[in-house]
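The values are calculated or read from the model by the stated rules, or taken from the named source; none is laboratory data. Keep in mind the model is a prediction, meaning the values are calculated, not measured. Reconstructed Cβ throughout: ideal geometry from the backbone, glycine too, with neighbour counts over all protein chains shown. Side chains included, ligands, DNA and RNA excluded: accessible areas come from the protein's heavy atoms. Shrake-Rupley method; radii C 1.70, N 1.55, O 1.52, S 1.80 Å.
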Amino acid sequence: DAGALYAWCRRLDELVDDPAVSGDPATTVARIDEWRQRLDELWEGSPRDDLDAALLVTLRRNPSLGVQPFADMLQGMRSDAVRARRVATGADLEEYAYQVAGTVGLMLLPLLGVSEEEDVAAARGPAIALGQAIQLINILRDARPDAALGRIYLPRDEMAERGVDEAAVLALQCTPAYRGLVAHTAERAEAFLGRAERGGRSQPSTG
């Protein structure tokens with residue numbers, strides 16, 4: 001079941017990051033919209049290929065696995081389909097991290113035996129927080145290749161507050177102000193990890 005979820009997420013990721021269309025946001029958006037159509041068809045029981053069929057089996061085996069995390073991930077991927085990706089605020093960054101990574105935690109909950117409404121409510125926050133932490137770490141790790149693509153995921157409001165120049169970020173200039181913002185973002189990731197760990201300790205064992 002986890003393999004079927006991974007395949008869906010991986011294929012979406014490859015579709016969005018395809019070098020052949022990386023400079024053409026309109027084509028990327030069209031591909032994401034087509035993937036959403038496939039998702040709707042899958043939810044109606046009509047898979048288009050074997051990998052979709054495997055995910056359909058997973059959905060039927062885990063009826064508490066809802067469509068919303070998949071739709072939210074698509075929305076996050078859609079926000080990347082622009083020529084100069086920017087993030088306005090820290091809250092927007094956290095929302096993006098939920099969309100592209102926290103959603104994976106929600107997808108996995110039923111596979112881990114968390115399906116009762118009360119248990120899902122308790123596990124939802126920690127599952128999302130773990131994904132958000134991982135995504136923030138990925139953003140820091142990928143700062144160089146993202147800059148090469150004209151992307152900056154550090155929030156604009158926090159950049160302005162600390163005096164971090166956008167052009168300097170794209171030029172890979174590691175100024176003291178930039179290092180301070182990186183450290184702040186790392187602390188944000190650490191806080192999400194702590195939230196996930198504390199929540200995980202409160203959950204019943206899944207065996």
Once the piece of chain linking A71 and A91 is laid out straight, how much longer is it, given 0.36 nm per residue of separation minus the C-alpha distance between them? 5.2 nm
Percent of Cα-Cα pairs more than 15 Å apart in segment 98-183, please. 64 percent
What the 10 Å binned alpha carbon P(r) of segment 1-74 shows, as percent of pairs per bin from 0, is 19, 53, 23, 5
Read-out volume of the Cα convex hull per residue in Å³, candidates (i) 118; (ii) 146; (iii) 106; calculated match is (i)
With axes computed from alpha carbons, what is the tilt in degrees of helix 176-201 against the longest principal axis of the chain, rounded to the nearest 10 within 0 to 90? 20 degrees
Determine the per residue accessible area of the chain with all protein chains present and a 1.4 angstrom probe, expressed in square angstrom. 52 Å²
What FRET efficiency comes out for the pair A168/A2, r = Cβ-Cβ distance, R0 = 30 Å, nearest 0.05? 0.15
Heavy atoms only, 1.4 Å probe, whole protein assembly: order D17, D80 by accessible area, highest first. D17, D80
If you average the alpha carbon positions of segment 103-159 and of segment 38-75, how far apart do those two centres end up, in angstrom? 20 Å
Give, as a single signed number, the net charge of other residues whose beta carbon lies under 12 Å from the beta carbon of Q99, with Lys and Arg counted +1 and Asp and Glu -1. -4
Selected from G125, G105, G163 as most flexible by GNM, with the chain as the system and alpha-carbon contacts under 10 Å: G163
For segment 27-126, report the translational diffusion coefficient in µm²/s to the nearest whole number, using Stokes-Einstein at 25 °C, 0.890 mPa s, and a Kirkwood Rh over Cα pairs. 165 µm²/s
Enter the angle in degrees (range 0 to 90, nearest 10) between the Cα long axis of helix 68-79 and the first principal axis of the Cα atoms of the chain, meaning the one along which they spread out most. 30 degrees
At 7 Å along the Cα-to-beta-carbon direction for both D49 and A84, put a label point, then send me their distance in nm to one decimal. 3.6 nm
Using alpha carbons only, how many degrees (0 to 90, rounded to 10) separate the axis of helix 2-17 from the longest principal axis of the chain? 40 degrees
Solvent-accessible area of W8, probe 1.4 Å, all protein chains present, reported in Å² to the nearest ten, please. 10 Å²
Where does the chain land at 222 nm, in deg cm²/dmol rounded to the nearest 500, when only DSSP H runs of n ≥ 4 count, each adding -39500 (n - 2.57), divided by all residues? -21500 deg cm²/dmol
Tally up the carbon and sulfur contribution to the accessible surface of the chain as a whole percent, 1.4 Å probe, everything protein left in place. 52 percent
